[in-house]
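Down below is the structure, laid out as structure tokens.
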Amino acid sequence: MNKPQVLVARAIFPETIARLEEHFEVESNQDDAAWSKAEFIARLQGKQGVFTTGSERIDGELLDACPDLKICANMAVGYNNFDVDAMTAHGVVGTNAPDVLTETTADFGFALLMATARRVTESEHYLRAGKWTKWAYDMFSGSDVHGSTLGIIGMGRIGQGIAKRGAHGFGMKVIYHNRSRLDAQLEADCKASYASKEELLKTADHVVLVVPYSAASHHTIGAAELALMKPTATLINIARGGIVDDAALALALRERRIAAAGLDVFEGEPKVHPDLLTVPNVVLTPHIASATVPTRRAMAGLATDNLVGFLTQGKALTPVNPAVLTR
Ligand code: GLV
């Protein structure tokens, strides 16, 4: 019997390709070429599965043109690159990669918070530029992390990981805002208390965004929300580009209406709003929150398990539209 055919849309670990090849005819993009949508569609012809990374858009137009496609396995916990309704309508399963990246991503959220609050990259640039000629009492004074108030918007698994680091490791007072309130036990584990978005923005010293992207969460932080924040506050976005209005943020940073920001994700990435590149009080990283070798291996492994499980046994481990599986 012919093996199912699978397309791997981006360069990935050689071991991932080898494992997929045990089960499938695999076409891969190990050169990491930038495919146009037309080329992506052309390569998907005859493929039952596709391994995506979160950058490849799967929408109704693509699905109409790829009638053989049955599963799209994202190597990312976020899946806003999927039009889930269109996938469900076409009977195509989408899977994501939750859990395996939670602690690594929470570590990075904290790293970005520390770097931002304590002006790590700004001061390093100063040193590297040869500008450090003497110590000064007020040189690169930042804000304290320990003992401060941490406001988390989006209290899923990663948000909870950040809350625990803040409360248990740094003695922070943790407040959070989420679509739904956590149960009492989870709130106690995280030492976190629920707040309205407005109250959180007004009182937090550090605001961390970990909310999934959707039409409803677009520009969760815009000019009006930035205006509520303390002038000494920092804002961290490890969620998705589009959760923050980057133009409004750049202006608020330039006018020192908030103290600093740390951003791992950007509207329209990999492009970055030009104003963010010129303001000093922002730490910028290229969407690397889950980037440790073991975690990236685990994410690729879970995407592979989803493809193998579904195309060989009709079972997906982490479907985002499970209703398709029971049809
Ligand atoms: C990364 O951004 C992910 O969603 O896994």
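The values are calculated or read from the model by the stated rules, or taken from the named source; none is laboratory data. Just so you know, these numbers come straight off a predicted model, no measurement behind them. Methodologically, a virtual Cβ is constructed for each residue, glycine included, from the backbone with ideal geometry; neighbour enumeration extends over all protein chains shown.
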Could you tell me whether A115 is within 16 Å of the ligand (Cβ to nearest atom), of a type in the set (G, A, S), under 20 Å from the mean Cα position of the chain (by Cα) and surrounded by fewer than 23 Cβ atoms within 10 Å (Cβ to Cβ)?
no
All positions within the range 313-322 that are more than 13 Å from P4 (Cβ to Cβ) and either at pLDDT below 95 or assigned to a loop (DSSP other than H, G, I, E, B) (or both):
K315, A316, L317, T318, V320, N321
(1) out of contact with any strand residue (DSSP E or B) (no Cβ under 8 Å at 6 or more places or on another chain); (2) away from the ligand (no atom under 16 Å from the Cβ); (3) not aromatic (F, W, Y) all hold for V93 apart from (1)
Checking the condition within 30 Å of S36 (Cα to Cα) and within 21 Å of the chain's Cα centre (by Cα), which residue from A76, A106 passes?
A76
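Quick grid of which residues meet (1) touching a Cys at 6+ places or on another chain (Cβ under 8 Å); (2) of a type outside the set (D, E); (3) in contact (Cβ under 8 Å) with a residue 60 or more places away in the chain:
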position: A9; (1), (2), (3): no, yes, no
position: E25; (1), (2), (3): no, no, no
position: K37; (1), (2), (3): no, yes, no
position: I58; (1), (2), (3): yes, yes, no
position: L63; (1), (2), (3): no, yes, no
position: L69; (1), (2), (3): no, yes, no
position: A73; (1), (2), (3): no, yes, yes
position: M87; (1), (2), (3): yes, yes, yes
position: H90; (1), (2), (3): no, yes, no
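Residue-wise test of (1) more than 15 Å from the ligand (Cβ to nearest atom); (2) free of Cβ contacts under 8 Å to residues at least 24 places away in the same chain; (3) not hydrophobic (A, V, I, L, M, F, W, C); (4) not in a helix (DSSP H, G or I).
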position: E225; (1), (2), (3), (4): yes, no, yes, no
position: R256; (1), (2), (3), (4): yes, no, yes, yes
position: V283; (1), (2), (3), (4): yes, no, no, yes
position: I288; (1), (2), (3), (4): no, no, no, yes
position: T295; (1), (2), (3), (4): no, no, yes, no
position: L302; (1), (2), (3), (4): no, no, no, no
position: N306; (1), (2), (3), (4): no, no, yes, no
position: L311; (1), (2), (3), (4): yes, no, no, no
position: L325; (1), (2), (3), (4): yes, no, no, no
Answer with yes or no whether L263 is in contact with a strand residue (DSSP E or B) (Cβ under 7 Å, 6 or more places away or on another chain), farther than 19 Å from V77 by Cβ and either within 16 Å of the ligand (Cβ to nearest atom) or among the charged types (D, E, K, R) (or both).
no
Quickly run through the range 82-99 and pick out the residues that are within 23 Å of N237 (Cα to Cα) and out of contact with any Lys or Arg (no Cβ under 9 Å at 6 or more places or on another chain).
N96, A97
Would you please list the contacts, defined by Cβ atoms under 6 Å and residues six or more apart or on different chains, that run from a residue in the range 93-108 that is farther than 26 Å from Q48 by Cβ and in contact (Cβ under 8 Å) with a residue 24 or more places away in the chain to a residue that is more than 11 Å from the ligand (Cβ to nearest atom) and of a type outside the set (V, I, T)?
T102/R157; T102/G161; E103/G161; A106/G161
